[in-house]
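Report on the structure given below.
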Amino acid sequence: MADNSLALALTHKSPEPRDEPSPTGHVWLENGGSRAVLLTPSEIETDKPYPLITVLHGAGRQDEMLVKAVRDEPDRRRAFFLVPRSVLPTWDLIASAERPDLDFLEYAYDLIYRRYPIDCERQALLGYSDGASYALSVGLSNPQHFRAIMAWAAGFIALEPGFDPNAARKPDLLLEYGTHDPIFPFEHVALPMRANLERAGYSVEWRVDQGGKHWPSPDFLPEALDWFFRLPLR
């Protein structure tokens, strides 16, 4: 696949028969220099499909902080959470001419599908700052795989070359920004982001952190997850 491609080459699979149950709790996934933590419900019903939310850190790789932030969510939400770590200090779309993080996501998703009962209609991306830009870029470029995208302080969107948003189904979007963000000024980044996405036909849930700077409000994660789990099935 071309290095500039944002496409995920994925085929959803049913779990493979195994002699032993797949591990639960905090499950490490590694491939070469890439790694992620998969957080699972403590008990998994094999005949029930589960949502899968991928949580993407910002520049500086705060993946360990995010693992702690979502550690209770798998049992609370009855869902799986994947927290990957970028190979470089931020995601390959920003920091590399190649795509090691996207290739690892392909590997991780394929492995998860083969080991756990994932609902292919209830997958989502949730990201912070650079991770929010990455979530929007990857999610909008691969709408067949993601029901929704939750983004805190996204700075930009890049799309798969040749992508036509009118030719694909559209994920629902939740955006939140702080009004006093010194890195992505509200008037110059947040408001145009919302306007451009709505103009392209996306449904945008808009949240504003009054007085907030370039750090997520404490309500963003729980409120974003509440919003996602209220979305109707398609």
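Where a number appears in this text, it was derived from the coordinates with a stated rule and is not lab data. Being a predicted model, the structure only gives us computed values, none of them experimental. Neighbour counts are summed over all protein chains in view; Cβ atoms, including those assigned to glycine, are modelled from backbone coordinates with ideal geometry.
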Task: Protection-proxy order for peptides 142-155, 67-80, 206-219, 171-184, each taking the mean of Cβ atoms within 10 Å per residue, highest first - done: 142-155, 171-184, 67-80, 206-219
TODO: Sort S133, S34, S5 so that the residue with the fewest other Cβ atoms within 10 Å of its own Cβ comes first and the one with the most comes last.
DONE: S5, S34, S133
Task: Over the chain: helical MRE at 222 nm, DSSP H runs n ≥ 4 each giving -39500 (n - 2.57), nearest 500 - done: -8000 deg cm²/dmol
Task: Span from the the stretch 102-119 Cα centroid across to the the stretch 148-179 one, whole angstrom - done: 22 Å
- [ ] Between the alpha-carbon centers of the stretch 1-40 and the stretch 200-224, tell me the distance in whole angstrom.
- [x] 28 Å
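Most exposed first by the Cβ proxy, i.e. fewest other Cβ within 10 Å, how do L10, L225 rank? Walk me through the numbers before you get to the answer.
Values: L10 16, L225 22.
Listing L10, L225 from fewest to most nearby Cβ atoms yields L10, L225.
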